[in-house]
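The values are calculated or read from the model by the stated rules, or taken from the named source; none is laboratory data. Keep in mind the model is a prediction, meaning the values are calculated, not measured. Cβ: placed from backbone, ideal geometry, glycine included. Neighbour counts: every protein chain shown.
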Amino acid sequence: MSEQTKIIAPCLPQTSISYVLIIIILFLLSFLISGCVTAYNPATGRKETLFIDTENEVALGKDMDIEIQKKLKQLKEPRAEFRLNSIASRVASFSDRQDLSYHFRVIKEGGLNAFAIPGGFIYLNSGLMDIATDDELACVLAHEIGHVAARHSVKKLQATMAYGFLRNIAVGLTGKESAETVAQAVDLLVFNPATLAYSRQDELLADRLAVRYTKKAGFNPYGMISFFEKLKKEQNEKGPNLRIEILSSHPNLDERIKKVQEEIEVEPPRPKGRGFLDVPGS
């Protein structure tokens, strides 16, 4: 190419470029908003706009559950499963969210962990079940059910994942793209220490909801406080490297105990807490 030869790129006026950008932005916004759902959430007491509706949340949860069961060994012990489901079904029946079914799994691990994922799937370690009384177990389950009712894991996905990830969920992609989407969600909500923690507000709300649900289900909400005391003991014995999902948030245990105590005192429970095998009125 000679020095005299020049390549002249087409040049658009600045106003035309701005107009094109506006059109693109409006198109993307309309594409995004078309999948949004705005509704009142009784668990949070607010109107909320969500990109992932209940149908897609449940579908994602089912796929995530399959992936989690591949990575974490599930305890298949009839008595433990009966105890878990007997308590959990009672508590879940008083959840503010009844537009999905709740599913409970026992993971065969010794740590005192429990966590929830989108779609109503809740997991507890067998080690937690071993040390928890029925009232304490009900409170832990109610806390995780509270996260589901408030859609905390869904909001976390919306806040941290790319638009393309969310759109994949909304349009229900299959095959490789679907598998990659599910793997990203599992990693974010279950296995990534950097993103495990809920916010301070989310944890305190889940604690308040746990008090409400356990009261209504006939369990003693003071089980939340006694369980926190057991976690404090575990923390003191095993040190700062102890990884427990229910502790992976900003409010420390002393603050959470104080807040739970205040919530209980708003409407004190009956003197006698009912375990899952107690007969009503006994």
- Message: I need the full set of residues from segment 233-243 which are closer than 26 Å to Ile87 by Cα and at pLDDT 70 or above, in order please.
- Response: Lys233, Glu234
- Query: Exactly one of (1) surrounded by fewer than 17 Cβ atoms within 10 Å (Cβ to Cβ); (2) modelled with pLDDT of 95 or more is unmet by Gln201. Its number?
  - Reply: (2)
- Asp134 being more than 14 Å from Ala116 (Cβ to Cβ) and either touching a helix residue (DSSP H, G or I) at 6+ places or on another chain (Cβ under 7 Å) or at pLDDT below 85 (or both): yes
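Conditions (1) closer than 30 Å to Phe82 by Cα; (2) modelled with pLDDT of 70 or more; (3) surrounded by 15 or more Cβ atoms within 10 Å (Cβ to Cβ), marked per residue:
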site	(1), (2), (3)
Glu245	yes, no, yes
His250	no, no, no
Arg256	yes, yes, yes
Lys259	no, yes, yes
Phe276	yes, no, yes
Val279	yes, no, no
Ser282	yes, no, no
- Note on the structure: Contact list, first residue from segment 106-125 and outside any strand (DSSP E or B), second anywhere and surrounded by fewer than 22 Cβ atoms within 10 Å (Cβ to Cβ) and of a type in the set (Asp, Glu), beta-carbon distance below 7 Å, six or more apart or interchain, is Leu112/Glu234; Asn113/Glu245
- Message: So in segment 22-55, with the set limited to residues that are in a helix (DSSP H, G or I) and at pLDDT 85 or above, which one is farthest from Gln98 (Cα to Cα)?
- Response: Glu55
- Item | Selection from segment 98-117 of residues that are surrounded by fewer than 16 Cβ atoms within 10 Å (Cβ to Cβ) and of a type in the set (S, T, N, Q) | Gln98, Ser101
- Query: Counting only residues that are in contact (Cβ under 8 Å) with a residue 60 or more places away in the chain and buried (at least 17 other Cβ atoms within 10 Å of the Cβ), which one in segment 80-91 is nearest to the chain's Cα centre (by Cα)?
  - Reply: Val91
